[in-house]
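Step one of this worksheet: look at the structure below.
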Amino acid sequence: MNDAHAGDWTAREELAERMIPLISALKRENDVVTSLHGHRLLGLSATGIVEVHDRVAHLGHAELSLDDSLAVLEALRELAPGASSIDVARIVEGMGEGGESLGAYLDDVLAPAVGAVAAEPTDVVLYGFGRIGRLLARILIAHTGGGSGLRLRAIVVRRGSENDLVKRASLLLRDSVHGRFAGSVTVDEEAEQIIANGTRIQVIYSDDPGSIDYTAYGIRDAIVVDNTGRWRDEAGLSQHLNSTGVARVLLTAPGKSPLKNIVHGINDATIEDADRILSAASCTTNAITPVLAAIDEAYGVVKGHVETVHSFTNDQNLIDNFHKGDRRGRSAVLNMVITETGAAKAVAKALPQLEGKLTGSSIRVPTPDVSLAVLHLTISRPATKEQVNDYLRRVSLHSKLRQQIDYVESPEVVSTDFVGSHRAGIVDGLATIADDDTLILYVWYDNEFGYSCQVIRVLEVMAGSHPVVLPARREVTLDA
């Protein structure tokens with residue numbers, strides 16, 4: 001690296017370092033979450049902030065200056081808006097389009113947040129502490145601030161050994177796929193609590209979802225998130241409601257009728273206060289439904305087939321052994337395994353207009369995380385690759401589905417590049433095939449973390465704790 005490039009990097013890093021206390025103070029004191037085109041800034045290092053600025057530029061956006069971002073953050077800190085989710089990059093873009101001063105533009109943008117207050121805290125209990133449960137815990141702990149919103153209060157597990165508490169804490173701290181927990185994890189063995197970044201998480205040992213008195217731990221009107229997959233129907237999940245201190249239940253797996261299967265961004269508006277038990281559907285359903293919704297709106301989906309190339313999961317055997325499921329008894333780390341998926345049919349639970357139009361199948365492969373869905377669609381409006389990609393790129397940046405759909409164009413990306421993605425699915429633009437009424441899309445998804453982010457979004461709707469989004473997202477159409 002020559003001296004000029006080194007100097008430029010140093011200057012950019014210094015600007016990013018000045019942003020960090022502003023980002024933290026806005027969250028801590030005003031309950032304001034800041035992002036760049038949906039990429040959350042809170043908790044990033046200076047290097048991470050610079051990297052996010054570069055990443056959004058690579059998506060086909062105008063280059064985003066760190067000077068502009070810093071100016072917006074300083075103005076936000078001074079104006080002190082109410083609880084909200086604010087996209088700094090879109091504010092910079094909006095200023096450029098209208099030619100207004102920063103102060104005048106922010107007065108208009110921030111108007112919906114004037115006087116906005118953070119939601120009352122809602123207690124959350126994780127029933128089960130496996131792959132999804134621990135990632136939900138990480139996200140909930142990272143979002144903790146100011147005593148508002150979702151509060152992780154307890155986990156419920158079956159005691160596995162004498163040193164169970166220490167082992168649970170260690171699994172939260174260290175993860176072979178997602179890396180080390182960002183912060184401190186200790187245990188209070190006398191109180192049977194895990195302490196993560198100051199959050200005290202009560203560990204409750206039980207194998208009966210209906211006999212726990214959560215109020216004995218100071219927990220009231222809690223949402224119980226069932227991560228076990230043991231019960232998927234109303235009768236089984238309603239056992240949680242028999243425990244004292246439980247108000248509602250959310251299942252992190254496809255729920256059986258008549259339960260509502262919620263894909264955030266698609267049908268979360270159907271959630272009602274009277275819905276005491278809900279499902280967050282599956283990771284695959286969450287990954288493909290937003291993309292299918294966008295394509296159906298612009299082109300019309302006549303029919304299609306969904307093939308998922310899915311990372312192996314804990315229900316498969318490491319080495320060949322008996323398994324009640326077909327083929328799943330064969331070694332997950334040595335084989336590709338053809339299996340079934342209900343994700344294609346489950347799409348219709350969130351998008352009724354696609355009822356009966358999709359088929360699906362799946363291949364489990366020897367990777368621990370990140371999967372790929374191949375959507376082979378017949379559409380009613382002719383398409384070109386360039387047109388489809390431009391539309392989906394704009395959807396990922398500006399539309400109401402921005403939290404769900406991401407877009408990438410790179411000849412070098414592979415599955416591990418998407419570990420930790422906050423989006424439900426990422427369209428691989430270079431792999432798109434479009435030929436008149438035939439469209440083939442490749443959608444990557446972190447079937448653990450990306451899905452967990454969708455679960456958190458559903459929880460926020462259930463709790464009424466999702467902040468106002470600013471600037472307001474705009475409609476994206478095929479032609480504009």
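Read-outs throughout are calculated quantities, based only on the coordinates presented, and are distinct from any laboratory measurement. Model, not experiment: these values are computed from the prediction. Here the Cβ positions follow ideal geometry from the backbone for every residue, glycine too, while neighbour counts run over all protein chains shown.
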Query raised in the report: If the cut-off is 18 Å between C-alpha atoms, which aspartates and glutamates fall inside it for Lys345, apart from same-chain ones fewer than 8 positions away?
Result: Asp233, Asp296, Glu307, Glu355
Query raised in the report: Long-range amide H contacts for Leu110: which residues qualify at under 5 Å (H placed 1.01 Å from N, peptide plane, sequence gap of 5 or more or a different chain)?
Result: none
Report summary line: One quarter of the C-alpha convex hull surface, i.e. the mean projected area of region 370-461 in nm², amounts to 6.2
Report task. Just the ratio, please: alpha-carbon radius of gyration of region 70-142 over 2.2 N^0.38 Å, N its number of residues. Result -> 1.56
Query - Neighbour-count ranking [beta-carbon atoms within 10 angstrom, fewest first] of Ser161, Ser211, Ser465 - result: Ser161, Ser211, Ser465
Report task. Sticking to Cα atoms, compute the Rg of region 284-447 to one decimal and its Dmax as the biggest Cα-Cα distance, whole number, in Å. Result -> 16.1, 49
Query raised in the report: Taking amide hydrogens as modeled 1.01 Å from N in the peptide plane, which residues meet the under 5 Å criterion relative to Arg40, leaving out close sequence neighbours?
Result: none
Query raised in the report: If we count other beta carbons within 10 Å of each Cβ, what is the order of Trp444, Trp231, fewest first?
Result: Trp231, Trp444
**Report entry** Tyr407 long-range amide H proximity, modeled H, under 5 Å
**Finding:** Val427
Query raised in the report: What does the charge add up to near Thr144, with Lys and Arg as +1, Asp and Glu as -1, over the other residues with Cβ less than 14 Å from its Cβ?
Result: +3
Query raised in the report: Each label point is 7 Å from the Cα along the Cα-to-Cβ direction; what then is the distance between the points at Leu102 and Asp175, in nm?
Result: 3.5
Query raised in the report: Short version: ³J(HN,Hα) in whole Hz for each residue of region 163-175, in order, from phi by Karplus 6.51 cos²θ - 1.76 cosθ + 1.60 (θ = phi - 60°), x for Gly and Pro, what are they?
Result: 9, 4, 4, 5, 5, 4, 5, 5, 5, 6, 6, 10, 9
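Only four residue types carry charge here, +1 at the Cβ of Lys and Arg and -1 at the Cβ of Asp and Glu. Report the dipole size of the chain about the Cα centre in Debye, rounded to the nearest 20.
1620
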Report summary line: Whole-Hz Karplus couplings 3J(HN,Hα) for region 465-479, θ = phi - 60° and coefficients 6.51, -1.76, 1.60, Gly and Pro as x, run 10, 6, x, 5, 9, 9, x, 4, 5, 10, 6, 10, 10, 5, 9
**Report entry** Loop sites in region 138-206: trypsin sites (Lys or Arg not before Pro), DSSP, at most 14 other Cβ within 10 Å
**Finding:** Arg158, Arg159, Arg174, Arg180
Query - Structure-derived volume of the Cα convex hull per residue in Å³: which label, when the choices are [x] 254; [y] 140; [z] 163 - result: [z]
Query - Net charge of neighbours whose Cβ lies under 13 Å from the Cβ of Pro121, counting Lys and Arg as +1 and Asp and Glu as -1 - result: -2
Requested in this report: State which entries of Lys27/Lys260; Lys324/Lys400; Lys349/Lys400 exceed 30 angstrom in Cα-Cα distance in the structure shown.
Outcome: Lys27/Lys260; Lys324/Lys400
Query raised in the report: Karplus couplings for region 125-138 from phi (6.51 cos²θ - 1.76 cosθ + 1.60, θ = phi - 60°), rounded to Hz, Gly and Pro as x?
Result: 10, 9, 8, x, 9, x, 4, 6, x, 5, 5, 4, 4, 4
Query raised in the report: Hey, fewest Cβ within 10 Å first, where do Cys453, Cys283 land in order?
Result: Cys453, Cys283
Report summary line: Of the candidates Gly429, Ile271, Tyr127, the farthest towards the positive dipole end of the chain (Lys/Arg Cβ +1, Asp/Glu Cβ -1, centred on the Cα centre) is Tyr127
Report task. Distance from a point 7 Å along Cα→Cβ of Met336 to each backbone N in region 303-322: keep the residues under 14 Å and list them by number. Result -> 307-312
